[in-house]
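Below is one structure, written out as structure tokens; comments come after it.
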Amino acid sequence: MSLRAQLEARVNTWVMANYPQVGPGPWVRPCADARHGHFQTHFPMVAAKETGGNGREIANRLASECSPPPDWEKPEVAGGGFVNYRAMPRAVATALQELRRDPSLGVPKTTNPETIVVDFSSPNIAKSMHVGHIRSTLLGDTLARMLGRLGHRVIRINHLGDWGTQFGKLLLAYRAAGRPPIDPDHAIDQLEEFYKKGHQEAESDPAKMEKARAELAALQSGDPERIRDWKLFCQRSSDHFREIYRQLGVTFDLEKGESAYHEELPALVEELLHSKIASVSQGAVVVANPEISEEPFLIRKSDGAFLYGTTDLAALRSRIRDLKADRIIYVTDGRQQLHFRWLFNTAEKWGQHAELEHVWFGTILGPDRKPLKSRDGTPIKLSELLREAKERASVILREKRPDLSGNQLSEKAELLGIASLKYADQLPGRNLDYVFTWEKLLAFDGNTAPYILNAYVRTRSILRKACLTMTPNHPLMLEEPAEEELARQLLLYGDAVVLAASERKPHHLCGYLYAVAGMYHRFFEACPVLQAPSTALRDSRLTLVGLTGDILRDGLTLLGIRTLEEM
RNA sequence: GCGCUGUUAGCUCAAUUGGAUAGAGCAUCUGACUUCGGAUCAGAAGGCUAGAGGUUCGAGUCCUCUACGGCGCACCA
């Protein structure tokens, strides 16, 4: 149990015995300012407000009646009712040795495991992935990793856009060109060209627009030739996606596109009509709810076609019925908030029971502060972004490590480039918009992946020099402030992961790891390890160094970032 | 018009959800190396948290109003 949890348990016991009406907390948190202590509770002030007592008096009672765990200093009362606690180095050392024996490094298992579907990334067939896809892909991947780590059963789903109206225009131009073979190496570029051509023609010529609609209708009614073309498009797109995901190290349990639900849509709409959840309005089928918005939720167009909301309803049902999901987390752009409110509200009326969450993130903007869009504008392709990331990393590597051979260099450059990109994207709070710049996404100084990786590499280097391949397990002696501070920080790891996972905000974990790396660098300056004054202290510090490395690696892994042994 | 969401140091962002003297990075300035890997560390400087009220022991955080942005509001996804 972490230091905080030990103290929390005691404080909570006292609270439940004396102020059961105030609530269970948690009441203990780390002090924002180290001068006050290591941990604090402000419970007395809350209790005073709710019961009409005096905060200072309650704090005095709490401090005298509720003793902290063994090897802690006597609590101190401060302000209008703070109680401050300080663990003595021996208590820190004991807790850290416990952490050393815990394969999960202090990350607790949930007491309520759920089956959780995480729906993320969701690129469109016949289009290349661009910067607009990166946040969903990385955020979804990290959430899946963290929730899995906490003991949930996670199902990662890529809900591919493989059935939209864009296929009418694409088929139009592709067939007009005589259905040429698609070159696997430039498949996406070719397909985008066809789409662009079809789109332009259809927009400018009503007759062509009509033909595009007919193409779509033919595809959706199962015309064999069109189905064959469509399957080819999907195949080639899938190859493209797979390569991007390989580089990013992102995987899915299920790649199931919109087309998979096509056949059940007519019955679904009928069912909603029949149960009076939906109604006909202006020839279309809609779900109305003035509490959500004036305009209704459209599930069938007046021409009989279905919309993505219809497909989402079918997918949602399938995940609950077939995959037994207790919870579905959708990771998308914040502009879809209204859509998901409608979707969740409709699903609830329809009797689909699961916890439904829309985890949304801000838009990536262009230099003009307008969202990068795929139709107009010139979005940066993900493949290009990844290539640039590697390129920038290799420029820096060549300078720092002229000794490396070409192969070693490009391998490290790839890892470092991707790591920087992933970290930079996850560092800002997720509901902020941000303006895309190469400099920001591929920075190597300050609060970045290379900074944290550098700390990790230094831990590995010291272990190597001590002829160790893993963290040793020696008694800990925390003498210097720098090592004691680092030790206490390591004990907060579990809390950091729980916070990031439960808020669905990976940037909390970034902040934690950055603090660990900073404290380690300071420890590194202040405390010789291999040349420590005594063997016992050397052993203790080797253990601390090893644990620091273990936690940095573990945390980076949760963020989807690979580590390396030297850089 | 309605709804969602922002506004914190010159710039980019934090702040454990109402807790103590609001913290980092970048940029600027000053120091520390024949190093357990300097992709580092120590220090300086930088703030009326957009503005005005309110709630209370206590507000960047909550409520109201105002100003200025961004996004979304029926047959695209």
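The values are calculated or read from the model by the stated rules, or taken from the named source; none is laboratory data. Since this is a predicted model, take the numbers as computed values, not measurements. All Cβ positions, even for glycine, are placed from backbone atoms using ideal geometry, and neighbour counts span all protein chains on display. Note: areas computed on protein heavy atoms with side chains; ligands, DNA, RNA excluded. Shrake-Rupley method; radii C 1.70, N 1.55, O 1.52, S 1.80 Å.
Computed over chain A, relative contact order equals 15 percent, with contacts defined as Cα pairs under 8 Å that lie 6+ residues apart. Shape summary of the range A:73-158, radius of gyration then Dmax from alpha carbon positions: 21.4, 66 Å.
Please express the shape of the range A:443-567 as an equivalent ellipsoid: the semi-axes are the square roots of 5 times the eigenvalues of the C-alpha gyration tensor, given largest first in whole angstrom. Please report the intermediate quantities before stating the final value.
Numbers: eigenvalues 119, 48, 32 Å².
Values for the range A:443-567, descending: 24, 16, 13 Å.
Strictly over 18 Å apart at the Cα level, which of A:Lys390/A:Lys465; A:Lys196/A:Lys381; A:Lys197/A:Lys370; A:Lys127/A:Lys196; A:Lys422/A:Lys505; A:Lys208/A:Lys301 would you flag in this model?
Values: A:Lys390/A:Lys465 30 Å; A:Lys196/A:Lys381 16 Å; A:Lys197/A:Lys370 25 Å; A:Lys127/A:Lys196 11 Å; A:Lys422/A:Lys505 14 Å; A:Lys208/A:Lys301 21 Å.
Checking Cα-Cα distances, A:Lys390/A:Lys465; A:Lys197/A:Lys370; A:Lys208/A:Lys301 exceed 18 Å.
Distance between the pseudo-spin-label points of A:Arg228 and A:Ser302 (7 Å out from Cα toward the beta carbon): 3.8 nm. Taking the Cα atoms only, what angle lies between the long axis of helix A:382-400 and the longest principal axis of chain A, rounded to 10 degrees? Around 40 degrees separate the two axes. Computed from the Cα positions only, the extents of the range A:3-86 along the three principal axes stand at 32, 23, 21 Å, in decreasing order. An ellipsoid equivalent to the range A:201-280, defined through the eigenvalues of its Cα gyration tensor, has semi-axes of 29, 24, 13 Å when rounded to whole angstrom and sorted largest first.
Note on the range A:87-218: Cα-only Rg and Dmax are 25.0, 82 Å. Against the criterion of solvent-accessible heavy-atom surface with a 1.4 angstrom probe, A:His339, A:His274 sort, most first, into A:His274, A:His339.
As a length-normalised measure over Cα pairs under 8 Å and 6 or more apart, the relative contact order of the range A:382-558 settles at 25 percent.
Accessible area per residue of the range A:322-361 at 1.4 Å probe, in Å²?
Numbers: 1840 Å² over 40 residues.
For the range A:322-361, the solvent-accessible area averages 46 Å² per residue.
Measuring with a 1.4 Å probe in the full set of protein chains, what accessible area per residue, in whole Å², belongs to the range A:382-558? On a per-residue basis, the range A:382-558 sits at 41 Å².
The three principal axes of the C-alpha atoms in the range A:352-451 carry coordinate ranges of 58, 36, 25 Å, sorted with the longest axis first. Relative contact order, whole percent, for the range A:153-278 stands at 42, derived from Cα pairs under 8 Å and 6 or more residues apart. Restricting the calculation to Cα atoms, the range A:285-368 yields a radius of gyration followed by a Dmax of 14.1, 45 Å.
For chain A, the carbon plus sulfur part of the accessible surface works out to 51%, probe radius 1.4 Å.
A 1.4 Å probe run over the protein chains yields, for the range A:1-137, 46 Å² of accessible area per residue, whole-number rounding.
So what's the net charge close to A:Val107: Lys and Arg +1, Asp and Glu -1, counting the other residues with Cβ under 10 Å from its Cβ?
Working: positive: A:Lys109, A:Arg149; negative: A:Asp102, A:Asp495, A:Asp554.
Within the 10 Å Cβ shell, the charges total -1.
Model label sites at A:Arg387 and A:Glu243, defined 7 Å from Cα along the beta-carbon direction, differ in position by 0.9 nm.
Size estimate for chain A follows the Kirkwood approach: the inverse of mean 1/r over distinct Cα pairs works out to 27.0 Å.
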